[in-house]
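Structure, as structure tokens:
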Amino acid sequence: MICYRLHCPTGHEFEGWFPSGDAFDRQKETGLVSCPECGATEVSKSLMAPALARPAIARKDPAPLSPVDQLRLALRQLRKEVEAQCEDVGDRFAEEALRRHDANQDGDRQPARGIYGTMSDTERERLEDEGVDFTPVPWIDRSDN
Ligand SMILES: [Zn+2]
């Protein structure tokens, strides 16, 4: 967008916003640019460098995210959610998940708060064998931009 300071033969001054300099010329030729005061279409550009459109700069909308960035954002939100709602048991995850699983089978009430952590492939196979309910989640780095 380009902002032109315009004036009509009567001397009224006003600003007009145009997609480009060419667009201004075309709109002027077809009589689409008129003075807001008197309606004259014989408008001229004042001798003034066109200013960059402020609306385009001030607009707060971020550029649309690429699919990869959308995924990263979703993963980061997922991580935030998990960290907020679950207890971090670190590398004791398999141990703790198994303990809860066994206690659950014995009919004990389990804490509502879930757990999260890490485990090795071996531990993971063990949990699968025991029928422990767990969900692997992609753990995105917080600082990953
Ligand atoms: Zn005028």
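The values are calculated or read from the model by the stated rules, or taken from the named source; none is laboratory data. As the structure is a computational prediction, the values presented were derived from the model and not from experiment. Using ideal geometry, Cβ is built from the backbone for each residue, glycine included, and neighbour counts are taken over all protein chains shown. All accessible areas refer to the heavy atoms of the entire protein, side chains included, with ligands and DNA or RNA removed. Shrake-Rupley method; radii C 1.70, N 1.55, O 1.52, S 1.80 Å.
Share of carbon and sulfur in the accessible area of the stretch 63-140 stands at 47%, probe radius 1.4 Å. Across the accessible surface of the stretch 1-50, with the other protein chains kept in place and a 1.4 Å probe, carbon and sulfur atoms take up 49 percent.
Starting from the eigenvalues of the Cα gyration tensor, five times each then square-rooted, give me the equivalent ellipsoid semi-axes of the chain, largest first, whole Å.
69, 14, 12
Per residue, the accessible area of the chain comes to 74 Å², computed with a 1.4 Å probe over protein heavy atoms only.
Calculated mean residue ellipticity, 222 nm, the chain: -12000 deg cm²/dmol, from DSSP H runs (n ≥ 4) at -39500 (n - 2.57) each, averaged per residue and rounded to 500. PRE reach from SER120 (point 7 Å along Cα→Cβ): which of the stretch 75-111 fall under 16 Å by backbone N? Within reach of a label on SER120: 91-96. Using 5 Å bins from zero, what percent of all Cα-Cα pairs in the stretch 1-50 falls into each bin? Using 5 Å bins, I get a P(r) of 5, 25, 35, 26, 9, 0 for the stretch 1-50.
Peptide packing: for 135-142, 30-37, 85-92, the average count of neighbouring Cβ atoms within 10 Å per residue gives the ranking 30-37, 85-92, 135-142, highest mean first.
If each residue of separation counts as 0.36 nm, what is the full-extension length gain between CYS3 and TRP17 once their alpha-carbon separation is subtracted? So the extension gain works out to 4.6 nm.
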